[in-house]
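All remarks here apply to the structure that follows.
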Amino acid sequence: MTQKFDTRAVHLSNKEKKSFTSKVTPIYQTSAFKFTDLDDIEDFFNGKNDYLYTRVGNPNPDELGEAIAQLEGAPHGVATSSGLSAILAGILSVAKHGDHIVASKDIYGGTYELLANELPDFGIKVTFVDFTNQDEISENIKTTTTLIYSESITNPLLRVEDLPALVTIAKDHNIYTMIDNTFATPYFCTPFEEGADLVVHSATKYIGGHSDVTAGVLVGREDLIAKAKSKVVNLGSNLSPFEAWLACRGLKTLSVRMERHAKNAQSLASALKENKAVKKVYYPEHVSSKGNGAIVTIDITGKCSVADFFKSLDWIKIVPTLAGVETSVSYPLATSHRAVPEASRKELGITEGLVRISVGIEDAADIIAAFEHALKESVLA
């Protein structure tokens, strides 16, 4: 049948070239997948076809979720629209109205807001606890508690969580453990292999690695990920194919990036510990034989003018987030932990002079020189 121009304009670009084999997974930038007949549709619902509608599933997000699961040693994973949506999907896979969560006090401010301000609307209660005191964790577990939540390396004070201890407490009380592994990444730490039931990543950070994607990944037990996938589909928190493709591309260089990040961060932390303009340096130890992560946090309270310090950073970027190949800084008091109550911030040590440094892959000497210059220019008389 000869088609008119308008019809051909729509359909001529939609050619299937099944003889082509791409080295890199193509971007399946489609909202839906087509079927040959009604039986083909039924095959999807009977588990014989993989894809129906991109909110329900798409090869690119699936590739990302499964890739991170394999790196974490977990059976399955699901990719989501952001780190927080991955956290929410994980929580809703183990907690419902009337349940209770015990969470670490020293966690990312965005996660704190989700747990403290949003979960109560779901009927889920949260108690924030000092996880350096294992007795306090156990004492706050109730009959309604279903989950212990923490971070493998906490944000922004970089405390390394005692994962075996948390897992033991959880198993003793027959409840689940969920760990945010964003700062450590699977390169340095694999909490699922330590016994955690669920592990979450803001893939926006080191998984993607180049500050050009917003994504989350949740991995863990097969039964829990099945429930989490259902939440992702029904809440519409799926990841777009292009964002997933970008994150998978970034993942390919995770190991080489993290190796340089950690080496540079160690060098910067050592140099700043010797600088009299710095009150305190936070940098984790004994995370992994491969290194201790890419974040260095410093406290310059009473030593430097915070405003002058940020003005004197030269080529170092000021951002409200972290990761990426470029060195950057953020100010937790004004950004990530802005919504955390003042009393809680003071108790944790999130002071007026706390600066979180995301160390990039540039030359270490240049990074050190930039911070030493900013400290020198901002030191109080």
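The values are calculated or read from the model by the stated rules, or taken from the named source; none is laboratory data. Everything numeric here is computed off the predicted structure, so don't read it as measured data. So basically every Cβ, Gly included, is an ideal-geometry build from the backbone, and we count neighbours across all protein chains shown. The protein model used for the area step is the full one, side chains on, heavy atoms only, and it has no ligands, DNA or RNA in it. Shrake-Rupley method; radii C 1.70, N 1.55, O 1.52, S 1.80 Å.
Remarks
- Only one entry of GLU285, GLU274, GLU326 meets the criterion of being more than 19 Å from THR204 (Cα to Cα) and either touching a residue at least 40 places away in the same chain (Cβ under 8 Å) or basic (Lys, Arg) (or both), and that entry is GLU285.
- Test for GLU113: is it closer than 20 Å to ALA86 by Cα and either open to solvent by 30 Å² or more (accessible area, probe 1.4 Å) or over 21 Å from the mean Cα position of the chain (by Cα) (or both): yes
- Restricting PHE309, PHE242 to residues that are buried (at least 19 other Cβ atoms within 10 Å of the Cβ), out of contact with any Asp or Glu (no Cβ under 6 Å at 6 or more places or on another chain) and either in contact (Cβ under 8 Å) with a residue 12 or more places away in the chain or in a helix (DSSP H, G or I) (or both) narrows the list to PHE309.
- Restricting attention to region 104-150, the residues that are more than 21 Å from ARG345 (Cα to Cα) and of a type in the set (Phe, Trp, Tyr) total 1.
- Selection over region 267-286 of residues that are surrounded by fewer than 20 Cβ atoms within 10 Å (Cβ to Cβ) and in contact with a Gly (Cβ under 7 Å, 6 or more places away or on another chain) gives a count of 1.
- One residue from SER312, SER289, SER328, SER270 being of a type in the set (Ser, Thr, Tyr) and either under 14 Å from GLU362 (Cβ atoms) or modelled with pLDDT under 95 (or both): SER328
- Pick from region 176-194, criterion open to solvent by 10 Å² or more (accessible area, probe 1.4 Å) and either at pLDDT below 95 or of a type in the set (A, V, I, L, M, F, W, C) (or both), ranking: farthest from THR204 (Cα to Cα): PHE192
- Residue under evaluation THR204, criteria (1) under 16 Å from the mean Cα position of the chain (by Cα); (2) within 30 Å of LYS376 (Cα to Cα); (3) not basic (Lys, Arg), criterion not met: (2)
- Tabulated pairs, region 214-234, first on the phi > 0 side of the Ramachandran plot and open to solvent by 10 Å² or more (accessible area, probe 1.4 Å), second of a type in the set (Val, Ile, Thr) and part of a helix (DSSP H, G or I), C-beta under 6 angstrom, 6+ apart or interchain: none
- The number of residues in region 363-374 being touching a residue at least 60 places away in the same chain (Cβ under 8 Å) and open to solvent by 60 Å² or more (accessible area, probe 1.4 Å) comes to 2.
- ILE300 in contact (Cβ under 8 Å) with a residue 40 or more places away in the chain and closer than 27 Å to THR214 by Cβ: no
- Residues that are of a type outside the set (Val, Ile, Thr) and open to solvent by less than 10 Å² (accessible area, probe 1.4 Å), drawn from region 329-354: SER330, PRO332, HIS337, GLY353, LEU354
- Some residue of region 355-362 being assigned to a loop (DSSP other than H, G, I, E, B), at pLDDT 95 or above, within 18 Å of the chain's Cα centre (by Cα) and surrounded by 15 or more Cβ atoms within 10 Å (Cβ to Cβ): yes
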